[in-house]
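Asker: Here's a structure for you.
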Amino acid sequence: MTRLSGAVRGLVTALATLLAVTTTPTTAQATTDPKAPDDFVALSTVDPTILQEIRYLTPHNFVGEPIDGYRQALCILTRPAAQALHRAQLRLRRQGYTLKVYDCYRPQRAVDHFVRWAEDLDDHAMKGEFYPHVDKSRLFEDGYIAEKSGHSRGSTMDLTIVGLPARPTRPYHPGEPLVPCYAPRAARFPDNSLDMGTGFDCFDPLAHTLDPRVQGRQRANRLLLKTTLEDLGFVNLAEEWWHYTFTPEPHPDTYFDFPVTRKSLTGKP
């Protein structure tokens with residue numbers, strides 16, 4: 001009995017060791033997405049009336065495919081930024097308008113996706129719409145692409161103004177003919193927003209907020225967005241009429257990488 005018990009104990013020990021060896025790599029490979037800090041919220045919980053057209057969840061962007069980290073059509077912002085955007089919405093709705101966001105918090109993995117795309121000089125799939133006049137080899141030098149983005153800090157958003165009642169925007173169909181983002185409103189890809197002179201994410205000097213060539217109603221529309229937001233603590237990026245950051249930022253030096261999903265905020269599906 002002693003010899004048999006010893007043999008059994010040896011077999012059990014060997015099996016346990018084998019099990020540990022085979023299961024440890026699986027455990028080590030299992031990853032858990034980071035969660036958002038407590039002061040991040042879904043914009044819809046602060047103001048459900050602001051329209052959301054999260055472009056990077058779709059292939060209608062300068063890369064031409066959904067971007068890493070975007071898993072739901074969801075605008076996530078720090079709470080102070082969302083609350084300030086709500087105050088801007090109240091002002092605009094009294095004038096017959098609504099805000100529409102194209103992008104809000106952006107995970108670092110999405111920025112990394114942009115960088116990989118920019119380094120692939122053979123990929124020009126979306127050039128005809130988003131950067132017709134820009135040499136792709138100059139995207140970093142000209143400031144269109146960077147390795148870090150203020151969006152990843154949670155208080156920056158890309159947005160526009162839409163007249164009420166808002167008409168739906170038709171979906172983009174991959175492979176459809178591309179029209180330059182600075183073409184006349186009737187020619188470029190349709191958007192239910194006010195005419196801002198260019199489409200969103202237009203890599204062109206005409207997208208500079210105060211470009212002197214943009215006049216008349218287009219300039220007035222840009223200034224309506226600019227003055228409304230700046231009165232409430234937002235700062236515009238001069239090179240992009242759609243880009244605003246709420247100040248002071250709660251996380252001015254931190255670039256987050258949790259995915260764009262409600263689970264990142266609540267820890268639940």
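The values are calculated or read from the model by the stated rules, or taken from the named source; none is laboratory data. Since this is a predicted model, take the numbers as computed values, not measurements. So basically every Cβ, Gly included, is an ideal-geometry build from the backbone, and we count neighbours across all protein chains shown.
Asker: Does the range 81-124 hold any residues that are out of contact with any helix residue (DSSP H, G or I) (no Cβ under 8 Å at 6 or more places or on another chain), more than 30 Å from Asp231 (Cβ to Cβ) and either among the polar types (S, T, N, Q) or in a helix (DSSP H, G or I) (or both), and which are they?
Answerer: Within the range 81-124, Arg109, Asp112, His113, Phe114, Val115, Arg116, Trp117, Glu119 qualify.
Asker: For the range 38-55, enumerate the residues that are farther than 15 Å from Lys263 by Cβ and in contact (Cβ under 8 Å) with a residue 60 or more places away in the chain.
Answerer: Residues satisfying the conditions are Asp39, Leu43, Leu51, Glu53, Ile54, Arg55.
Asker: Continuing with this model, one more query. Within the group Ala81, Ala118, Ala110, Ala73, which residue is in contact with a Ser or Thr (Cβ under 6 Å, 6 or more places away or on another chain) and of a type in the set (Gly, Ala, Ser)?
Answerer: Ala81
Asker: Report yes if some residue within the range 85-100 is at pLDDT 95 or above, under 19 Å from Asp201 (Cβ atoms) and not polar (S, T, N, Q); otherwise report no.
Answerer: Checking the range 85-100: at least one residue is at pLDDT 95 or above, under 19 Å from Asp201 (Cβ atoms) and not polar (S, T, N, Q).
Asker: Out of the range 228-269, which residues are more than 24 Å from Asp112 (Cα to Cα) and part of a helix (DSSP H, G or I)?
Answerer: Within the range 228-269, Thr228, Leu229, Glu230, Thr266 qualify.
Asker: For Glu129, which of the numbered conditions (1) among the acidic types (Asp, Glu); (2) part of a helix (DSSP H, G or I); (3) closer than 30 Å to Thr266 by Cα fails to hold?
Answerer: (3)
Asker: Considering only residues that are closer than 22 Å to Phe189 by Cα, touching a residue at least 60 places away in the same chain (Cβ under 8 Å) and crowded, with 19+ Cβ neighbours inside 10 Å, which ones fall in the range 127-155?
Answerer: Passing the criteria: Glu129, Phe130, Tyr131.
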